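A.B. asks: What follows is a single structure, and I will ask about it in a moment.
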Amino acid sequence: MLIKTDRDGFTHPITGEVTPRAVYQDRRQLLKWMASGAAGAALASWAGREALAQQVQRAGKLAPLNAVRSAVPGAVTMEKVTDYKDATTYNNFYEFGTDKDEPAKNARTLKTTAWTVEVEGLVKKPGKYALEDLLKLAPQEERIYRLRCVEGWSMVVPWVGYSVSHLVNKVEPLGNAKFVEFITQADPKTMPFVGSRVLDWPYVEGLRMDEAMHPLALLSFGMYGEVLPNQNGAPVRLVVPWKYGFKSGKSIVKIRFSEQMPKTAWNKAAANEYGFYSNVNPHVDHPRWSQATERRIGEDGLFAKKRKTLMFNGYEAQVGQLYAGMDLKKNY
Ligand code: MTE
């Protein structure tokens, strides 16, 4: 088995985070750890952080989107949530410009009314699904995920949505469907940079069927208790927390089921830099920079320490088995 574990990464991500991450994510281990007497003051700090994570404030900017706290294992990190302002002004959404502040400035032209998502390809129930129906397809859950961008920064965002698997099950893929492709909006009238040569539009991403069926793969309609702001991919986007952020396609208009591995936008642009899998992996560097550490947005002070990047972005316990036996250096 070629999957590497990152025990260091799991113990002390930054100074001051004294509770081993694997411990507080696993109740049985937590009880053992408490019984061992090692808990002490660390537990108080853990409880404090849990309280923090449990109280995500609505931003009060957009329509509320009510959600129940997710019970999916690993779906709620206890780490400090990134400020709404940072999460909505430091974006990658190249259809609206390549600078981080451009999506927030330019995405107000995105038209999100009368939105439909077309399902096609190898499924029993293809068709156009209205956003209103998709919103009701499964209970909306709040999930607090780490998002690690391939560029070396990360955030912690309270998303609202439900597992992609609910939609996949509804449309009933055929037996030969092996991949799911997510095709996003590319409207030159409302998206000023569609037509620029930076990517071959539309922005397309894809997952292997078992990845799409993993409960952590999220179809997201909101964040911070409200509908998605345009710059974050309104009205519906993907969030795949164990993969680099670019797998999380924004403003999805089409979902296609296929037998062949889809050609994704970044893979077409630079195949040697962006593979299909794009799992967060601190042991496989980007050809032009290291992936071993990351800068957490909001911790950017002069003396802020970089964090160690965790294997599968810290979701190894949940998703590692999807890649058992695969060479992750080749399948980057
Ligand atoms: N989706 C579309 N349609 N266009 C994009 O340029 N950028 C990706 C991804 N989804 C992108 C996209 C990248 S590189 C990242 S890191 C995340 O969106 C950023 O999501 P955020 O701005 O909500 O943090």
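The values are calculated or read from the model by the stated rules, or taken from the named source; none is laboratory data. Small disclaimer: the values here were computed from a predicted structure and weren't measured. Note that we place each Cβ from the backbone using ideal geometry, even for glycine, and neighbour counts take in every protein chain shown. What goes into the accessible areas is simple: the full protein's heavy atoms, side chains included, and nothing from ligands, DNA or RNA. Shrake-Rupley method; radii C 1.70, N 1.55, O 1.52, S 1.80 Å.
A.B. asks: In the set Gln321, Gln291, which member is assigned to a loop (DSSP other than H, G, I, E, B) and among the polar types (S, T, N, Q)?
C.D. replies: On inspection, the qualifying residue turns out to be Gln291.
A.B. asks: Scan segment 140-159 and tell me whether some residue there is within 16 Å of the ligand (Cβ to nearest atom), farther than 17 Å from Leu122 by Cα, crowded, with 20+ Cβ neighbours inside 10 Å and among the polar types (S, T, N, Q).
C.D. replies: Among the residues of segment 140-159, at least one is within 16 Å of the ligand (Cβ to nearest atom), farther than 17 Å from Leu122 by Cα, crowded, with 20+ Cβ neighbours inside 10 Å and among the polar types (S, T, N, Q), which makes the answer yes.
A.B. asks: Something else about it: Would you check if there is a residue in segment 128-138 being closer than 25 Å to Asn66 by Cβ, in contact with a Phe, Trp or Tyr (Cβ under 7 Å, 6 or more places away or on another chain) and within 14 Å of the ligand (Cβ to nearest atom)?
C.D. replies: Among the residues of segment 128-138, not one is closer than 25 Å to Asn66 by Cβ, in contact with a Phe, Trp or Tyr (Cβ under 7 Å, 6 or more places away or on another chain) and within 14 Å of the ligand (Cβ to nearest atom), which makes the answer no.
A.B. asks: Does Gly97 meet the test of being more than 14 Å from the ligand (Cβ to nearest atom) and either open to solvent by less than 30 Å² (accessible area, probe 1.4 Å) or of a type in the set (Gly, Ala, Ser) (or both)?
C.D. replies: So Gly97 does not fit the description; no.
A.B. asks: So, one more: Here is a list of conditions, (1) within 13 Å of the ligand (Cβ to nearest atom); (2) farther than 20 Å from Ala75 by Cβ, and Tyr244 meets all of them except one; can you say which number that is?
C.D. replies: With (1) within 13 Å of the ligand (Cβ to nearest atom); (2) farther than 20 Å from Ala75 by Cβ applied to Tyr244, the lone miss is (2).
A.B. asks: Does Val204 satisfy being open to solvent by 20 Å² or more (accessible area, probe 1.4 Å), within 12 Å of the ligand (Cβ to nearest atom) and β-branched (Val, Ile, Thr)?
C.D. replies: When the stated conditions are applied, Val204 does not pass them.
A.B. asks: With (1) more than 18 Å from Arg237 (Cα to Cα); (2) in contact with a strand residue (DSSP E or B) (Cβ under 6 Å, 6 or more places away or on another chain); (3) without any contact (Cβ under 8 Å) to a residue 40 or more places away in the chain as the list, and Gly175 as the residue in question, which single condition is left unmet?
C.D. replies: For Gly175, the failing item is (2).
A.B. asks: Follow-up question, since we're still on this one. Within segment 276-297, work out how many residues are surrounded by fewer than 19 Cβ atoms within 10 Å (Cβ to Cβ) and among the small types (Gly, Ala, Ser).
C.D. replies: Of the residues in segment 276-297, 2 are surrounded by fewer than 19 Cβ atoms within 10 Å (Cβ to Cβ) and among the small types (Gly, Ala, Ser).
A.B. asks: Could you say which residue among Val239, Val227, Val198, Val253 is away from the ligand (no atom under 13 Å from the Cβ) and either among the β-branched types (Val, Ile, Thr) or touching a Cys at 6+ places or on another chain (Cβ under 6 Å) (or both)?
C.D. replies: Working: Val239 fails: away from the ligand (no atom under 13 Å from the Cβ); Val198 fails: away from the ligand (no atom under 13 Å from the Cβ); Val253 fails: away from the ligand (no atom under 13 Å from the Cβ).
Being away from the ligand (no atom under 13 Å from the Cβ) and either among the β-branched types (Val, Ile, Thr) or touching a Cys at 6+ places or on another chain (Cβ under 6 Å) (or both) holds for just one of Val239, Val227, Val198, Val253, which is Val227.
A.B. asks: For Val164, all conditions in the list (1) within 14 Å of the ligand (Cβ to nearest atom); (2) touching a strand residue (DSSP E or B) at 6+ places or on another chain (Cβ under 6 Å) hold save one; what is the number of the exception?
C.D. replies: For Val164, the failing item is (1).
A.B. asks: Would you check if Ala177 is open to solvent by less than 20 Å² (accessible area, probe 1.4 Å), over 22 Å from Gln140 (Cα atoms), more than 9 Å from the ligand (Cβ to nearest atom) and in a loop (DSSP other than H, G, I, E, B)? Steps first, please.
C.D. replies: Details: open to solvent by less than 20 Å² (accessible area, probe 1.4 Å): yes; over 22 Å from Gln140 (Cα atoms): yes; more than 9 Å from the ligand (Cβ to nearest atom): yes; in a loop (DSSP other than H, G, I, E, B): yes.
Yes; evaluated as a whole, the condition is true for this residue.
A.B. asks: Out of all the residues in segment 249-259, is one or more buried (at least 16 other Cβ atoms within 10 Å of the Cβ), out of contact with any Pro (no Cβ under 6 Å at 6 or more places or on another chain) and of a type in the set (Phe, Trp, Tyr)?
C.D. replies: From segment 249-259, those buried (at least 16 other Cβ atoms within 10 Å of the Cβ) are 249-258; that's our starting set.
In the following step, the residues that additionally are out of contact with any Pro (no Cβ under 6 Å at 6 or more places or on another chain) were identified as 249-256, 258.
This time we only want the ones that are of a type in the set (Phe, Trp, Tyr), so: none.
The answer is no; no qualifying residue exists.
A.B. asks: Here is a follow-up. Check segment 113-122 and report whether any residue there is within 13 Å of the ligand (Cβ to nearest atom) and surrounded by 12 or more Cβ atoms within 10 Å (Cβ to Cβ).
C.D. replies: Within segment 113-122, not a single residue is within 13 Å of the ligand (Cβ to nearest atom) and surrounded by 12 or more Cβ atoms within 10 Å (Cβ to Cβ).
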